[in-house]
1. Scanning chain A for helices, which whole DSSP H stretches are 24 Å or more long along the axis (Cα) and average 0.5 or more by Kyte-Doolittle?
2. Rounded to the nearest 100 Å², what is the sum over both chains of accessible area buried where B meets A, with a probe of 1.4 Å?
3. Could you tell me the calculated FRET efficiency between A:Ile66 and A:His105, based on Cβ-Cβ distance and R0 = 22 angstrom, to the nearest 0.05?
4. Specify the residue with the greatest mean-square fluctuation among A:Ala197, A:Ala174, A:Ala239, computed from a Gaussian network of chain A linking alpha-carbon atoms under 10 Å apart.
5. Straight-line reach from A:Lys285: which aspartates and glutamates have Cα under 15 Å away, leaving out those fewer than 8 places along the same chain?
6. State which entries of A:Lys89/B:Lys266; A:Lys124/A:Lys191; B:Lys54/B:Lys266; A:Lys235/A:Lys329; B:Lys51/B:Lys266; A:Lys275/B:Lys266 exceed 30 angstrom in Cα-Cα distance in the structure shown.
7. When the helices in the protein assembly as shown are scored as -39500 (n - 2.57) per DSSP H run of 4 or longer and the sum is shared across all residues, what 222 nm value do you end up with, to the nearest 500 deg cm²/dmol?
8. Can you give me the orientation-averaged projected area of the convex hull built on the Cα atoms of region B:55-331, in nm²?
Amino acid sequence: MGSLMKRAFLHFVVLLHRVISSVPMSSRGADRAPLILPSSPTVDAVALEERASALAKRSLKKVAKIAGLRLAIRMMDLTTLEGKDTPGKVRALCSKALRPLDTDHTIGPCAAICVYPNFVSVAKLALAGSSVAVASVATAFPSGQSPLAIKLDDARRAVDFGADEIDMVIDRGAMLAGETAKVFDEIAATKEACGQAHLKVILETGELGSYDVIRRASDLAMLAGADFIKTSTGKIQPAATPPVTLLMLEAIRDYYYATGRRIGMKPAGGVRTSKQALHYLVIVKETLGDDWLDPSLFRFGASALLNDVLMQLEKERTGAYQASDDFSKD
Amino acid sequence: MARSKVVKRVAKIASAEPSLIRVKVAAEVEGAASKDSARRESPIERVTVNKAYKMYVGGAFIRSESGRSFRIKGVKSTDPEVVNIPRGSRKDVRDAVLVAKNAQAGWAGRTPYNHGQILYRLAEMMESRRTELAMSLVREGQSQSEASREVQLAIDICVYYAGLCDKLSALLASHNPVAGPHFGFTLPESLGVVGVVAPRAPSLLGLVSSIVPVAVGGNAAVVIVTSADPRTASIWTECLATSDLPGGVVNVIYGQVAELLTPMAKHREVSGLSIWGDLGDLGIQAEADATESVKRVRRYADGDRALLSTDGARGLGYVEPFLEFKTVWHPMGM
């Protein structure tokens with residue numbers, strides 16, 4: 001029965017996806033017919049948490065550990081999103097993304113730098129000619145509680161400044177009030193505003209209240225055109241957790257089976273240690289396989305994580321546990 | 001029939017004939033109950049509550065992350081108790097260093113007067129556990145009078161160092177004569193995280209003499225206890241836990257020095273090493289390992305162990321090696 005319902009759901013998603021992609025957003029005006037979105041499967045919270053914690057018990061040592069940690073660095077969106085950010089700090093972070101460890105050029109570079117729109121041009125200049133992308137948060141980050149026009153303008157400007165990726169936030173208030181169509185439309189409109197830039201949709205799972213709502217928001221975001229779905233802004237606790245990440249990866253898997261589109265995943269906030277990072281990689285591998293073990297489909301939104309990974313890599317190289325003071329901060 | 005005997009009897013029946021269990025148990029329990037009521041006047045046999053001795057890290061009593069343990073036994077033939085004690089791993093050392101690192105700034109930031117208050121309270125806590133500490137030393141093979149003397153000496157050393165805390169600056173800082181209209185001050189500061197290898201013996205006095213002076217200077221300590229019976233150390237850490245000493249300032253791990261000293265000596269977060277007892281080549285190796293991160297190393301070999309057995313090792317000389325001296329210049333003004 002469960003698999004029958006799942007197949008019915010996937011079938012519905014396929015149909016809906018075809019309908020949505022055949023109608024350009026701009027032609028769906030204010031007087032459009034109400035959009036009926038497919039329901040999402042309910043989540044077995046106990047099983048989800050059990051599986052996430054079972055996957056955490058995998059032990060990665062030596063060669064596999066080093067390979068995993070090196071991959072984690074290449075998957076990192078090195079992030080600074082603070083009121084006290086300065087051009088100098090952003091430039092320093094860019095150098096760190098380009099060459100995380102000054103003594104070993106084979107480590108890194110990171111996947112991207114993630115900053116506020118005001119620092120996109122600074123980062124773009126500092127990273128010119130490299131493979132490191134510039135991601136910008138937009139759409140009234142972190143709350144998303146501004147009129148749509150302002151949010152779209154925010155995204156457009158960030159793209160104009162040169163952002164390669166836009167990290168938008170959904171309107172959690174609307175999501176919790178049951179206005180799913182509003183959330184869907186805002187994501188779709190932002191996707192359109194982004195043009196060529198990749199769109200990451202931040203669900204802020206810590207504010208959504210239950211796994212069912214998170215699953216629903218994940219499905220909506222993917223249907224509305226997200227290239228990535230992302231757990232958190234990093235401003236709210238709890239941020240990324242293994243069960244939430246597993247749940248979102250499962251949503252990505254179902255969506256992939258239904259449509260053939262590969263959506264990326266980005267846990268952000270709360271991933272601080274190498275051990276946690278490896279745990280996330282195990283979850284990805286077990287849920288979506290090797291294809292997703294790539295910076296194009298999986299990212300870590302992090303700042304403190306990088307130094308911990310570097311300390312572990314140096315520990316493996318030298319045999320001595322490292323001191324945090326020996327690694328650059330900010 | 002006492003209950004434990006009933007249980008044993010049931011187990012015996014169960015192994016013999018499972019189908020009979022229910023009937024026989026009912027009969028046995030009924031019989032036991034009537035006999036119990038007949039003997040209500042006599043003391044009831046109770047289940048003994050055995051103590052799980054654990055390591056002390058970050059203000060909590062923990063087992064080893066490795067799950068390993070070693071078995072120890074009292075030295076005297078009258079003490080047949082066999083106890084499992086957690087055996088610390090390299091990762092336990094690593095984790096403890098991290099905990100110590102996070103606790104150190106807060107400890108160093110407290111006033112020397114407060115350091116003194118807390119160490120004096122440690123003495124108070126030891127005083128109220130005198131009997132237990134002495135019993136533990138007797139269990140290791142000492143006579144009652146030797147044990148009492150060692151406990152008393154250990155408490156006195158705590159009181160000594162409690163008094164020293166707010167005098168450090170007066171004893172060690174200086175106002176240097178400089179050529180020019182400036183003051184030149186040299187001030188003692190804490191070193192950071194200090195690794196301590198406690199002496200194997202005497203077990204209580206050795207702990208106090210090696211650990212307390214490190215804490216006096218505002219440092220956090222990660223201690224490897226290698227004594228034959230770490231139960232004394234465990235009881236002492238219970239004094240620490242109730243002394244208002246912030247969690248993580250003193251962390252105590254039981255284990256083998258050959259296994260744990262190298263990772264500690266190589267650990268770049270550890271700023272100093274205080275190694276007690278003659279460890280032979282291991283001590284020399286630790287000094288070599290410590291060079292990479294330029295650690296301050298002090299080794300207290302046999303001579304100091306002799307000192308411990310007389311009136312304890314105490315003095316400014318045990319504090320000073322684990323202090324950093326900072327010299328500042330300040331204009332005199334008019």
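1. Details: long enough: A:2-22 (30 Å, 0.93); A:242-259 (25 Å, 0.31).
Passing helices, by number: A:2-22.
2. Working: alone 16940 and 14790 Å², together 30880 Å².
Buried surface at the B/A interface: approximately 900 Å².
3. With R0 = 22 Å, the Cβ-Cβ based efficiency is 0.85.
4. A:Ala174
5. A:Glu250, A:Asp294
6. Details: A:Lys89/B:Lys266 32 Å; A:Lys124/A:Lys191 21 Å; B:Lys54/B:Lys266 26 Å; A:Lys235/A:Lys329 20 Å; B:Lys51/B:Lys266 35 Å; A:Lys275/B:Lys266 21 Å.
Pairs exceeding 30 Å: A:Lys89/B:Lys266; B:Lys51/B:Lys266.
7. On the way: 24 runs with 319 residues, N = 664.
Only helices count here, giving -15500 deg cm²/dmol.
8. On the way: hull surface 59.4 nm².
Answer in nm², one decimal: 14.9.
The values are calculated or read from the model by the stated rules, or taken from the named source; none is laboratory data. Everything numeric in this text was worked out from a predicted model, so none of it was measured. Ideal geometry is used to build each Cβ from the backbone, glycine not excepted, and the neighbour counts take in all protein chains shown. Accessible surface areas use protein heavy atoms only, side chains included; no ligands, DNA or RNA. Shrake-Rupley method; radii C 1.70, N 1.55, O 1.52, S 1.80 Å.
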